[in-house]
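Undergrad: One structure, as structure tokens, below. Some questions next.
The values are calculated or read from the model by the stated rules, or taken from the named source; none is laboratory data. Here the structure is a predicted model, which means the values were calculated and not measured. Reconstructed Cβ throughout: ideal geometry from the backbone, glycine too, with neighbour counts over all protein chains shown. With ligands, DNA and RNA removed, areas are computed over all heavy atoms of the protein, side chains included. Shrake-Rupley method; radii C 1.70, N 1.55, O 1.52, S 1.80 Å.
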Amino acid sequence: MFRKILFGAVSIMAMAMGAVQAQDLKEFRVGILGGENEADRLRNYQCFADHIKEVLGVEKVSLFPAADYDGVIQGLLGGTLDYAELGASAYAKVYLENKDAVQPILTTVQTDGSTGYHSVMVARADSGIKTLADMKGKKLGFADPDSTSGYLIPVTSLPKDIGMDVKSYFASTGFGGGHEQLVLEVLKGTFDAGTTWASGVGDFKDGYSSGNLRKMVDKGVLKMDDLVELWQSPLIPNGPLVIRTSLDAGTKQKITDFLTKLPQTDPACFAAVQGGDFKGYSPVTPEFYQAIIDARKAKIGS
């Protein structure tokens, strides 16, 4: 009898502590992946911060634009961030280190209804490089070691198309410091070509419907006439929007409901945060990323 009373008391205390946690959430911390300059990222996410502050009733929403992907990854693993949008490979890294650190809740849906995108390799249009075959013995740039489209998928998919491993085919490889910076380095001639991400929906001449190229076009820092596409990967799962698993269920539901409705309630904010044209969000679970988790574990480790 005493045992039942004791367990009951412990259960009640746990519920009470959970309620206090929900009430005591005063600050909501949002991680923003590297990839474009900090000012642009902060500006694009400001509307999101304003909405979340009202939705959760918190005193403050803090935005943390990390210098690279790993900055956000470590923040999520360490519990110093509550929310972020990750690429599939970045999520795989978090999952492989601590599968209980974050919970994927939603992913983006392209305008054609798909929930995937592509890695694309681009070169300067005036470089004389027109095909993947022309890149043999040339310098290839990647976006970030934790980028799905900017590194993991190219190094695992390209060997099937070039007939050998990446290091043997290209003269050298390196990292551009994020997607936007990589394309700028290609234009400067630091690399002969580079890998970045694009929806693959629509026309290349427009930067496709969404992705890094489209973001750069929309900001006026890129003219698509200056680039040529050399290679496009198979479809990659769109990255997840994740929340800290230890947040209380009520907070998680409020965030999920807000995001699900955002494309309709504030289309301009949705477009600013996502960069380009998307149809909306779709629910997602860890199983959606199992192939990427397996690929990262095999190629990189964790």
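Undergrad: Considering only segment 10-42, state which residues are at pLDDT below 95, exposed (fewer than 15 other Cβ atoms within 10 Å of the Cβ) and charged (D, E, K, R).
TA: D24, K26, E38 - these are the residues of segment 10-42 that are at pLDDT below 95, exposed (fewer than 15 other Cβ atoms within 10 Å of the Cβ) and charged (D, E, K, R).
Undergrad: Same structure, new question: Tell me, please, whether a residue that is crowded, with 16+ Cβ neighbours inside 10 Å, part of a helix (DSSP H, G or I), touching a residue at least 24 places away in the same chain (Cβ under 8 Å) and among the polar types (S, T, N, Q) can be found in segment 233-256.
TA: Yes, because at least one residue in segment 233-256 is crowded, with 16+ Cβ neighbours inside 10 Å, part of a helix (DSSP H, G or I), touching a residue at least 24 places away in the same chain (Cβ under 8 Å) and among the polar types (S, T, N, Q).
Undergrad: Specify which of the listed residues (G200, G163) is touching a Phe, Trp or Tyr at 6+ places or on another chain (Cβ under 9 Å) and free of Cβ contacts under 8 Å to residues at least 24 places away in the same chain. Even if it seems obvious, please write down each step before you answer.
TA: On the way: G200 fails: free of Cβ contacts under 8 Å to residues at least 24 places away in the same chain.
Just a single option satisfies the conditions, and that option is G163.
Undergrad: If you scan segment 214-225, which residues turn out to be open to solvent by 70 Å² or more (accessible area, probe 1.4 Å) and closer than 17 Å to I129 by Cα?
TA: Hit for segment 214-225 is D225, nothing else.
Undergrad: Among the residues of segment 261-273, are any open to solvent by less than 10 Å² (accessible area, probe 1.4 Å), among the β-branched types (V, I, T) and farther than 28 Å from G141 by Cα?
TA: Checking segment 261-273: not a single residue is open to solvent by less than 10 Å² (accessible area, probe 1.4 Å), among the β-branched types (V, I, T) and farther than 28 Å from G141 by Cα.
Undergrad: Restricting attention to segment 44-56, which residues are open to solvent by 30 Å² or more (accessible area, probe 1.4 Å) and without any contact (Cβ under 8 Å) to a residue 40 or more places away in the chain?
TA: Matches in segment 44-56: Q46, D50, K53, E54.
Undergrad: Which condition does W197 not pass, out of (1) under 16 Å from the mean Cα position of the chain (by Cα); (2) assigned to a helix (DSSP H, G or I); (3) within 25 Å of I129 (Cβ to Cβ), if it passes all the others?
TA: (2)
Undergrad: Testing Y281 on (1) surrounded by fewer than 16 Cβ atoms within 10 Å (Cβ to Cβ); (2) in a strand (DSSP E or B), one condition comes back false. Which one is that?
TA: Y281 satisfies every listed condition except (1).
A quick yes/no check of all residues on (1) of a type outside the set (D, E, K, R); (2) open to solvent by less than 10 Å² (accessible area, probe 1.4 Å):
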| residue | (1), (2) |
| --- | --- |
| A90 | yes, yes |
| N98 | yes, no |
| T107 | yes, yes |
| S119 | yes, yes |
| K130 | no, no |
| S157 | yes, no |
| I162 | yes, no |
| F191 | yes, no |
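Undergrad: What number of residues in segment 132-143 are in contact with an Asp or Glu (Cβ under 8 Å, 6 or more places away or on another chain) and open to solvent by 10 Å² or more (accessible area, probe 1.4 Å)?
TA: Step one: filter segment 132-143 for residues in contact with an Asp or Glu (Cβ under 8 Å, 6 or more places away or on another chain), giving 132, 135, 138-141.
Those left that are additionally open to solvent by 10 Å² or more (accessible area, probe 1.4 Å): 132, 138-139.
Residues meeting the conditions: 3.
Undergrad: For segment 57-77, which positions are in contact (Cβ under 8 Å) with a residue 40 or more places away in the chain and open to solvent by less than 30 Å² (accessible area, probe 1.4 Å)?
TA: Narrowing segment 57-77 to residues in contact (Cβ under 8 Å) with a residue 40 or more places away in the chain: 68-73, 75-76.
If the condition is that a residue be in contact (Cβ under 8 Å) with a residue 40 or more places away in the chain and open to solvent by less than 30 Å² (accessible area, probe 1.4 Å), then Y69, V72, I73, G75, L76 are the ones that fit.
Undergrad: For segment 200-213, give me the residue count where each residue is open to solvent by less than 50 Å² (accessible area, probe 1.4 Å), outside any loop (DSSP other than H, G, I, E, B) and in contact with a helix residue (DSSP H, G or I) (Cβ under 8 Å, 6 or more places away or on another chain).
TA: Initially, segment 200-213 is screened for residues open to solvent by less than 50 Å² (accessible area, probe 1.4 Å), giving 200-201, 204, 207-213.
Now narrow it down to the ones that are outside any loop (DSSP other than H, G, I, E, B): 204, 210-213.
After this cut, where a residue has to be in contact with a helix residue (DSSP H, G or I) (Cβ under 8 Å, 6 or more places away or on another chain) as well, the list is 204, 210, 212-213.
Residues in segment 200-213 being open to solvent by less than 50 Å² (accessible area, probe 1.4 Å), outside any loop (DSSP other than H, G, I, E, B) and in contact with a helix residue (DSSP H, G or I) (Cβ under 8 Å, 6 or more places away or on another chain): 4 in total.
Undergrad: I would also like to ask the following. Please list, ordered by residue number, the strands (runs of 3 or more DSSP E) wholly in segment 68-182 having 1 or more residues that are within 20 Å of R29 (Cβ to Cβ) and over 13 Å from the mean Cα position of the chain (by Cα). Quick ask: steps written out before the conclusion?
TA: Details: elements: 83-85, 102-109, 116-124, 139-142, 172-175.
Because the criterion is at least 1 residues that are within 20 Å of R29 (Cβ to Cβ) and over 13 Å from the mean Cα position of the chain (by Cα), the strands (runs of 3 or more DSSP E) in segment 68-182 that meet it are 102-109.
Undergrad: What number of residues in segment 208-233 are within 19 Å of F278 (Cα to Cα) and out of contact with any strand residue (DSSP E or B) (no Cβ under 7 Å at 6 or more places or on another chain)? Show your work before the answer.
TA: To start, the set of residues in segment 208-233 that are within 19 Å of F278 (Cα to Cα) comprises 208-219.
Subsequent filtering for residues that are out of contact with any strand residue (DSSP E or B) (no Cβ under 7 Å at 6 or more places or on another chain) retains 216-219.
Summing the residues that are within 19 Å of F278 (Cα to Cα) and out of contact with any strand residue (DSSP E or B) (no Cβ under 7 Å at 6 or more places or on another chain) in segment 208-233 gives 4.
Undergrad: Exactly one of these conditions fails for V102: (1) without any contact (Cβ under 8 Å) to a residue 24 or more places away in the chain; (2) crowded, with 16+ Cβ neighbours inside 10 Å; (3) in contact with a helix residue (DSSP H, G or I) (Cβ under 8 Å, 6 or more places away or on another chain). Give me its number.
TA: With (1) without any contact (Cβ under 8 Å) to a residue 24 or more places away in the chain; (2) crowded, with 16+ Cβ neighbours inside 10 Å; (3) in contact with a helix residue (DSSP H, G or I) (Cβ under 8 Å, 6 or more places away or on another chain) applied to V102, the lone miss is (1).
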